[in-house]
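J.: The structure that follows is given in the form of C-alpha coordinates.
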Amino acid sequence: MDQLTLNTPLDMHLHLRDGDMLELVAPLSAETFSGAVIMPNLVPPVDSLDAVHGYRGRILQAIGKNAFAPFMTLFFRQYSEAELLAAKDHIIGIKLYPAGATTNSEAGVKAIDSVEPTIRLMEEMGMPLLIHGETHGFVMDRETEFLATYRHLATKFPKLNITMEHITTAAAVELLDEFENLRATVTLQHLLITLDDVAGGMLNPHLFCKPIAKRPEDRDALLDAALKAHPRLMFGSDSAPHPREKKECCGCAAGVFTAPIALQVLADLFTKNGCQQNLQAFVSDNARRLYDVTPAEKVVTLVREPFEVPAIYGETVVPMYAGETIPWSVQSVE
Ligand code: DOR
Ligand code: ZN
(Lines give C-alpha, C1' and ligand atoms only; values in the text may rest on other atoms or scores of the structure.)
(Ligands and ions follow the chains in the order given, each with its own letter.)
Protein backbone atom coordinates (compact mmCIF):
# COMPACT_ATOMS: atom_id res chain seq x y z
CA MET A 1 0.00 0.00 0.00
CA ASP A 2 1.91 3.01 -1.25
CA GLN A 3 -0.83 5.46 -2.02
CA LEU A 4 -4.00 6.53 -0.28
CA THR A 5 -6.75 8.94 -1.30
CA LEU A 6 -8.89 10.74 1.24
CA ASN A 7 -12.06 12.57 0.41
CA THR A 8 -12.88 15.77 2.32
CA PRO A 9 -10.76 15.24 5.45
CA LEU A 10 -12.05 16.99 8.55
CA ASP A 11 -10.38 17.97 11.79
CA MET A 12 -13.10 18.00 14.41
CA HIS A 13 -11.07 19.80 17.11
CA LEU A 14 -8.62 22.53 16.18
CA HIS A 15 -7.01 25.57 17.81
CA LEU A 16 -6.21 28.32 15.33
CA ARG A 17 -5.55 31.16 17.85
CA ASP A 18 -5.64 34.73 16.57
CA GLY A 19 -3.39 37.46 15.16
CA ASP A 20 0.03 36.41 13.82
CA MET A 21 -0.35 32.85 15.05
CA LEU A 22 -3.65 32.50 13.18
CA GLU A 23 -2.00 33.81 10.01
CA LEU A 24 0.76 31.24 10.40
CA VAL A 25 -1.19 28.11 11.29
CA ALA A 26 -4.56 28.49 9.52
CA PRO A 27 -3.16 27.84 6.01
CA LEU A 28 -1.39 24.73 7.30
CA SER A 29 -4.74 23.15 8.18
CA ALA A 30 -6.64 24.66 5.25
CA GLU A 31 -4.23 23.22 2.68
CA THR A 32 -5.17 19.62 3.39
CA PHE A 33 -8.37 19.67 5.44
CA SER A 34 -11.79 20.55 4.09
CA GLY A 35 -12.93 21.95 7.38
CA ALA A 36 -12.39 21.96 11.11
CA VAL A 37 -14.20 22.58 14.36
CA ILE A 38 -12.63 25.76 15.70
CA MET A 39 -12.04 26.02 19.43
CA PRO A 40 -13.23 29.22 21.15
CA ASN A 41 -10.61 29.53 23.93
CA LEU A 42 -9.20 32.85 22.80
CA VAL A 43 -8.47 35.68 25.22
CA PRO A 44 -11.19 36.85 25.78
CA PRO A 45 -13.21 33.72 24.91
CA VAL A 46 -15.48 33.61 21.85
CA ASP A 47 -18.72 33.86 23.81
CA SER A 48 -21.03 36.02 21.71
CA LEU A 49 -22.39 35.86 18.20
CA ASP A 50 -20.47 39.03 17.36
CA ALA A 51 -17.25 37.39 18.47
CA VAL A 52 -18.07 34.31 16.35
CA HIS A 53 -18.62 36.46 13.27
CA GLY A 54 -15.46 38.46 13.87
CA TYR A 55 -13.29 35.40 14.46
CA ARG A 56 -14.73 33.55 11.47
CA GLY A 57 -13.94 36.54 9.27
CA ARG A 58 -10.32 36.61 10.46
CA ILE A 59 -10.01 32.86 9.83
CA LEU A 60 -11.35 33.19 6.28
CA GLN A 61 -8.88 36.00 5.71
CA ALA A 62 -6.00 33.91 7.03
CA ILE A 63 -6.69 30.81 4.92
CA GLY A 64 -6.44 32.77 1.69
CA LYS A 65 -7.56 30.84 -1.38
CA ASN A 66 -7.90 27.46 0.29
CA ALA A 67 -11.38 25.96 0.38
CA PHE A 68 -11.89 25.36 4.07
CA ALA A 69 -14.98 25.45 6.27
CA PRO A 70 -14.40 26.79 9.78
CA PHE A 71 -17.09 25.20 11.92
CA MET A 72 -17.37 27.76 14.68
CA THR A 73 -18.08 27.09 18.35
CA LEU A 74 -19.14 29.33 21.20
CA PHE A 75 -17.39 29.19 24.55
CA PHE A 76 -19.88 27.78 27.03
CA ARG A 77 -21.49 30.14 29.53
CA GLN A 78 -25.11 30.53 30.56
CA TYR A 79 -26.88 31.68 27.40
CA SER A 80 -30.46 32.90 27.07
CA GLU A 81 -32.87 31.24 24.69
CA ALA A 82 -32.73 34.31 22.43
CA GLU A 83 -28.93 34.19 22.29
CA LEU A 84 -28.95 30.50 21.42
CA LEU A 85 -31.60 30.91 18.74
CA ALA A 86 -29.63 33.72 17.15
CA ALA A 87 -26.39 31.71 17.21
CA LYS A 88 -27.82 28.38 16.13
CA ASP A 89 -27.20 28.63 12.39
CA HIS A 90 -23.72 30.09 12.81
CA ILE A 91 -22.12 27.49 15.07
CA ILE A 92 -21.64 23.74 15.09
CA GLY A 93 -21.93 23.53 18.87
CA ILE A 94 -20.85 24.99 22.18
CA LYS A 95 -17.62 24.03 23.90
CA LEU A 96 -17.72 23.57 27.64
CA TYR A 97 -14.52 23.88 29.67
CA PRO A 98 -14.45 23.20 33.38
CA ALA A 99 -13.02 26.43 34.87
CA GLY A 100 -9.24 26.30 34.94
CA ALA A 101 -8.94 22.84 33.34
CA THR A 102 -6.66 23.98 30.52
CA THR A 103 -5.33 26.91 28.45
CA ASN A 104 -7.57 30.01 28.63
CA SER A 105 -10.40 28.22 30.41
CA GLU A 106 -10.60 30.46 33.48
CA ALA A 107 -14.04 31.66 32.37
CA GLY A 108 -15.27 28.07 32.17
CA VAL A 109 -17.90 26.30 34.23
CA LYS A 110 -17.43 25.93 37.99
CA ALA A 111 -20.41 23.63 38.63
CA ILE A 112 -22.19 21.76 35.85
CA ASP A 113 -25.44 21.54 37.87
CA SER A 114 -25.78 25.30 37.86
CA VAL A 115 -25.70 25.56 34.06
CA GLU A 116 -28.25 22.88 33.27
CA PRO A 117 -30.85 25.42 32.08
CA THR A 118 -28.58 26.30 29.13
CA ILE A 119 -27.86 22.63 28.48
CA ARG A 120 -31.61 21.92 28.45
CA LEU A 121 -32.15 24.66 25.85
CA MET A 122 -29.35 23.22 23.73
CA GLU A 123 -30.97 19.81 23.87
CA GLU A 124 -34.31 21.29 22.75
CA MET A 125 -32.64 23.13 19.87
CA GLY A 126 -30.55 20.16 18.73
CA MET A 127 -27.32 22.02 19.45
CA PRO A 128 -24.32 19.77 20.19
CA LEU A 129 -22.38 20.18 23.45
CA LEU A 130 -18.63 19.66 23.17
CA ILE A 131 -16.86 19.01 26.45
CA HIS A 132 -13.32 19.14 27.75
CA GLY A 133 -13.91 16.26 30.16
CA GLU A 134 -11.47 16.58 33.03
CA THR A 135 -11.90 17.10 36.78
CA HIS A 136 -9.36 18.87 38.97
CA GLY A 137 -8.19 15.57 40.50
CA PHE A 138 -4.89 13.73 40.17
CA VAL A 139 -3.64 14.38 36.65
CA MET A 140 -3.77 10.75 35.45
CA ASP A 141 -7.31 10.30 36.82
CA ARG A 142 -8.95 13.51 35.64
CA GLU A 143 -10.65 12.02 32.61
CA THR A 144 -11.87 8.84 34.31
CA GLU A 145 -13.24 10.94 37.18
CA PHE A 146 -15.14 13.06 34.68
CA LEU A 147 -16.84 10.04 33.09
CA ALA A 148 -19.52 10.18 35.81
CA THR A 149 -20.45 13.66 34.55
CA TYR A 150 -20.71 12.41 30.96
CA ARG A 151 -22.90 9.59 32.21
CA HIS A 152 -25.09 12.01 34.16
CA LEU A 153 -25.52 14.39 31.21
CA ALA A 154 -26.09 11.62 28.66
CA THR A 155 -28.84 10.17 30.88
CA LYS A 156 -30.49 13.40 31.93
CA PHE A 157 -30.44 14.87 28.41
CA PRO A 158 -31.03 11.88 26.14
CA LYS A 159 -31.58 13.99 23.01
CA LEU A 160 -28.47 16.12 23.56
CA ASN A 161 -25.53 15.19 21.35
CA ILE A 162 -22.46 15.27 23.53
CA THR A 163 -18.93 15.12 22.14
CA MET A 164 -16.31 13.84 24.55
CA GLU A 165 -13.38 15.85 23.26
CA HIS A 166 -9.90 14.36 22.95
CA ILE A 167 -10.48 11.14 24.86
CA THR A 168 -7.35 9.53 26.28
CA THR A 169 -8.46 6.45 28.19
CA ALA A 170 -9.75 2.93 27.59
CA ALA A 171 -12.58 3.72 30.01
CA ALA A 172 -13.77 6.60 27.81
CA VAL A 173 -13.84 4.30 24.78
CA GLU A 174 -16.02 1.89 26.77
CA LEU A 175 -18.39 4.66 27.82
CA LEU A 176 -18.90 5.60 24.18
CA ASP A 177 -20.65 2.29 23.68
CA GLU A 178 -23.00 2.81 26.60
CA PHE A 179 -24.85 5.88 25.35
CA GLU A 180 -26.15 6.55 21.85
CA ASN A 181 -25.91 10.30 22.37
CA LEU A 182 -22.18 10.25 23.17
CA ARG A 183 -19.57 10.68 20.48
CA ALA A 184 -15.87 11.43 20.82
CA THR A 185 -12.85 12.92 19.17
CA VAL A 186 -9.34 11.55 19.52
CA THR A 187 -6.09 13.35 18.72
CA LEU A 188 -3.12 12.16 16.71
CA GLN A 189 -0.75 12.12 19.66
CA HIS A 190 -3.04 10.05 21.85
CA LEU A 191 -3.06 7.29 19.22
CA LEU A 192 0.73 7.23 19.31
CA ILE A 193 2.23 8.15 22.65
CA THR A 194 1.98 7.40 26.36
CA LEU A 195 3.11 9.34 29.40
CA ASP A 196 6.51 7.69 28.91
CA ASP A 197 7.04 9.68 25.72
CA VAL A 198 6.27 12.91 27.57
CA ALA A 199 8.10 12.39 30.84
CA GLY A 200 9.58 8.89 30.97
CA GLY A 201 13.00 9.96 29.75
CA MET A 202 14.16 13.48 29.05
CA LEU A 203 11.12 15.72 29.40
CA ASN A 204 9.54 16.48 26.01
CA PRO A 205 7.58 19.72 26.30
CA HIS A 206 6.32 19.44 22.72
CA LEU A 207 4.32 16.34 23.68
CA PHE A 208 2.83 17.91 26.80
CA CYS A 209 -0.90 18.49 26.42
CA LYS A 210 -4.15 18.34 28.35
CA PRO A 211 -5.40 15.73 28.85
CA ILE A 212 -1.95 14.25 29.42
CA ALA A 213 -1.10 11.06 27.50
CA LYS A 214 -1.89 8.01 29.60
CA ARG A 215 -0.89 4.34 29.90
CA PRO A 216 -0.03 1.89 27.08
CA GLU A 217 -3.35 0.07 27.51
CA ASP A 218 -5.21 3.36 27.09
CA ARG A 219 -3.28 4.24 23.94
CA ASP A 220 -3.96 0.74 22.60
CA ALA A 221 -7.71 1.00 23.23
CA LEU A 222 -7.86 4.39 21.48
CA LEU A 223 -5.84 3.11 18.55
CA ASP A 224 -7.99 0.01 18.27
CA ALA A 225 -11.19 2.10 18.18
CA ALA A 226 -9.71 4.47 15.59
CA LEU A 227 -8.36 1.71 13.36
CA LYS A 228 -11.79 0.07 13.41
CA ALA A 229 -13.33 3.47 12.65
CA HIS A 230 -15.70 3.18 15.58
CA PRO A 231 -18.88 4.81 14.17
CA ARG A 232 -18.99 7.45 16.89
CA LEU A 233 -15.30 8.30 16.96
CA MET A 234 -13.90 11.18 14.89
CA PHE A 235 -10.47 12.56 14.25
CA GLY A 236 -9.90 15.83 16.11
CA SER A 237 -6.25 16.81 16.12
CA ASP A 238 -6.45 19.28 19.02
CA SER A 239 -3.49 20.81 17.22
CA ALA A 240 -2.66 23.57 19.71
CA PRO A 241 0.22 25.85 18.70
CA HIS A 242 2.15 27.80 21.28
CA PRO A 243 5.22 29.95 20.61
CA ARG A 244 8.42 28.02 21.21
CA GLU A 245 9.35 30.14 24.22
CA LYS A 246 6.07 29.17 25.92
CA LYS A 247 6.91 25.46 25.44
CA GLU A 248 10.65 25.33 26.06
CA CYS A 249 10.60 27.02 29.42
CA CYS A 250 9.73 26.59 33.04
CA GLY A 251 5.92 26.40 33.15
CA CYS A 252 5.40 24.81 29.74
CA ALA A 253 2.05 25.54 28.04
CA ALA A 254 -0.12 22.51 27.16
CA GLY A 255 -0.61 21.68 23.50
CA VAL A 256 0.90 19.64 20.67
CA PHE A 257 1.15 21.17 17.21
CA THR A 258 0.23 18.48 14.67
CA ALA A 259 -1.82 20.20 11.95
CA PRO A 260 0.83 20.04 9.19
CA ILE A 261 1.66 16.35 9.72
CA ALA A 262 -1.65 14.87 10.81
CA LEU A 263 -2.81 13.25 7.59
CA GLN A 264 0.64 11.91 6.69
CA VAL A 265 1.02 10.28 10.10
CA LEU A 266 -2.52 8.88 10.02
CA ALA A 267 -1.80 7.36 6.61
CA ASP A 268 1.28 5.67 8.05
CA LEU A 269 -0.55 4.46 11.15
CA PHE A 270 -3.56 3.02 9.30
CA THR A 271 -1.56 1.36 6.50
CA LYS A 272 0.97 -0.08 8.94
CA ASN A 273 -1.90 -1.74 10.77
CA GLY A 274 -3.61 -2.92 7.59
CA CYS A 275 -6.64 -0.69 8.22
CA GLN A 276 -6.30 1.82 5.38
CA GLN A 277 -9.88 1.13 4.33
CA ASN A 278 -11.10 2.64 7.63
CA LEU A 279 -9.23 5.93 7.53
CA GLN A 280 -11.84 7.65 5.36
CA ALA A 281 -14.54 7.05 7.97
CA PHE A 282 -12.31 8.10 10.85
CA VAL A 283 -11.12 11.30 9.24
CA SER A 284 -14.30 12.40 7.47
CA ASP A 285 -17.37 10.20 7.03
CA ASN A 286 -18.15 9.71 10.72
CA ALA A 287 -17.95 13.44 11.34
CA ARG A 288 -20.08 14.30 8.33
CA ARG A 289 -22.76 11.87 9.47
CA LEU A 290 -22.67 12.73 13.19
CA TYR A 291 -22.69 16.51 12.69
CA ASP A 292 -24.67 16.49 9.46
CA VAL A 293 -22.20 18.77 7.67
CA THR A 294 -21.41 18.84 3.96
CA PRO A 295 -18.19 20.75 3.40
CA ALA A 296 -16.82 21.34 -0.07
CA GLU A 297 -15.12 18.28 -1.52
CA LYS A 298 -11.34 18.07 -1.36
CA VAL A 299 -9.38 15.04 -2.55
CA VAL A 300 -6.06 14.51 -0.81
CA THR A 301 -3.64 11.93 -2.16
CA LEU A 302 -0.97 10.66 0.19
CA VAL A 303 2.05 8.62 -0.87
CA ARG A 304 4.62 6.54 0.94
CA GLU A 305 7.48 8.93 0.30
CA PRO A 306 9.58 10.43 3.07
CA PHE A 307 8.60 13.84 4.37
CA GLU A 308 11.10 15.87 6.36
CA VAL A 309 9.14 17.63 9.03
CA PRO A 310 10.37 21.22 9.44
CA ALA A 311 12.16 21.88 12.73
CA ILE A 312 9.97 24.91 13.24
CA TYR A 313 7.19 26.78 11.43
CA GLY A 314 7.44 30.54 11.03
CA GLU A 315 10.36 30.63 13.46
CA THR A 316 7.70 30.24 16.13
CA VAL A 317 6.00 26.86 16.47
CA VAL A 318 7.66 23.49 16.87
CA PRO A 319 5.59 20.64 15.41
CA MET A 320 5.40 17.05 16.58
CA TYR A 321 8.25 15.10 14.90
CA ALA A 322 10.17 18.35 14.33
CA GLY A 323 13.25 17.74 12.20
CA GLU A 324 12.44 14.04 11.77
CA THR A 325 11.56 12.18 8.60
CA ILE A 326 8.13 10.57 8.48
CA PRO A 327 7.30 7.87 5.91
CA TRP A 328 4.26 9.42 4.20
CA SER A 329 3.79 12.71 2.34
CA VAL A 330 0.97 14.63 0.77
CA GLN A 331 1.23 14.17 -2.99
CA SER A 332 -1.62 16.30 -4.19
CA VAL A 333 -4.74 18.16 -3.11
CA GLU A 334 -7.56 18.70 -5.58
O1 DOR B 1 -3.19 20.70 25.46
C2 DOR B 1 -4.13 21.45 25.29
N3 DOR B 1 -3.98 22.65 24.69
N4 DOR B 1 -5.34 21.08 25.74
C5 DOR B 1 -6.38 21.92 25.71
O6 DOR B 1 -7.44 21.54 26.17
C7 DOR B 1 -6.22 23.30 25.24
C8 DOR B 1 -5.10 23.43 24.32
C9 DOR B 1 -4.69 24.86 24.06
O10 DOR B 1 -5.58 25.68 23.84
O11 DOR B 1 -3.51 25.14 24.07
ZN1 ZN C 1 -8.38 21.58 22.45
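The values are calculated or read from the model by the stated rules, or taken from the named source; none is laboratory data. Note that this is a predicted model, so its numbers are computed, not measured. Because the Cβ atoms are built from the backbone with ideal geometry, glycine has one as well, and the counts that use them run over all protein chains shown. Calculation scope for accessible area: heavy atoms of the full protein, side chains included, ligands and nucleic acids excluded. Shrake-Rupley method; radii C 1.70, N 1.55, O 1.52, S 1.80 Å.
J.: Hey, got the dipole for the range 11-261? About the Cα centre, +1 on K and R Cβ, -1 on D and E Cβ, debye to the nearest 20? Present the calculation step by step, with values, prior to reporting the outcome.
T.: Values: 23 positive and 33 negative charges, 64 e Å.
Using Cβ point charges on Lys, Arg, Asp and Glu, the range 11-261 gives about 300 debye.
J.: Please work out whether the chain counts as rounded, prolate or oblate from its C-alpha gyration tensor, where a ≥ b ≥ c are the square roots of the eigenvalues and a/c under 1.5 means rounded, while otherwise a/b larger than b/c means prolate and anything else oblate?
T.: Values: a/c = 1.34, a/b = 1.27, b/c = 1.06.
In terms of gyration-tensor shape, rounded.
J.: Post the alpha-carbon centroid distance, the range 183-197 to the range 55-83, in whole angstrom.
T.: Cα centroid of the range 183-197 versus Cα centroid of the range 55-83: 26 Å apart.
J.: Which distance in nm do the two modelled labels at Ser114 and Leu60 give, with both placed 7 Å along the Cα-to-Cβ direction?
T.: 3.7
J.: Assuming a ≥ b ≥ c are the square roots of the Cα gyration tensor eigenvalues, decide whether the range 213-334 counts as rounded (a/c under 1.5), prolate (otherwise, with a/b larger than b/c) or oblate. Numbers along the way, then the final one.
T.: Values: a/c = 1.60, a/b = 1.38, b/c = 1.16.
Prolate is the answer for the range 213-334, as a/c is 1.5 or above and a/b outweighs b/c.
J.: Can you pull the percent of the range 279-334's accessible area that's carbon plus sulfur, 1.4 Å probe, other chains left in place? List each step's numbers first, then the result.
T.: Values: 1310 of 2780 Å².
Roughly 47 percent, rounded to a whole number.
J.: Over the chain, with the other protein chains present, what is the accessible area per residue in square angstrom, probe 1.4 angstrom?
T.: Value returned for the chain: 40 Å² of accessible area per residue.
J.: Given the Cα-Cα distance of Asp18 and Lys228 and 0.36 nm per residue of separation, how much length would full extension add, in nm? If you can, show how the numbers build up before the last one.
T.: On the way: separation 210, 0.36 × 210 = 75.60 nm, distance 3.53 nm.
Using 0.36 nm per residue and subtracting the Cα-Cα distance, I get 72.1 nm.
J.: Still on this structure, please answer the following. Given labels modelled 7 Å from the Cα in the Cβ direction, how far is it in nm from Glu217 to Glu297?
T.: Using points 7 Å along Cα→Cβ, the separation is 4.6 nm.
J.: Please list, in chain and number order, the residues 5+ apart from Gln331 or on another chain whose amide H is under 5 Å from its amide H, with Hs placed from the backbone.
T.: Close amide H contacts, sequence-distant or interchain: Thr301, Leu302, Val303.
J.: Show which aspartates and glutamates lie in cross-link reach of Lys228 when reach means a straight Cα distance below 16 angstrom and same-chain residues fewer than eight apart are skipped.
T.: The qualifying aspartates and glutamates are Glu174, Asp177, Asp218, Asp220, Asp268, Asp285.
J.: Lys246: which aspartates and glutamates have alpha carbons under 14 Å from its alpha carbon, excluding same-chain residues fewer than 8 sequence positions away?
T.: Filter leaves Glu315.
J.: Ignoring ligands, DNA and RNA, please state the percent of accessible area on the range 11-261 from carbon and sulfur, probe 1.4 Å. Could the numbers behind the result be given before it?
T.: Details: 5150 of 9620 Å².
In the range 11-261, the share of accessible area belonging to carbon and sulfur is 53 percent.
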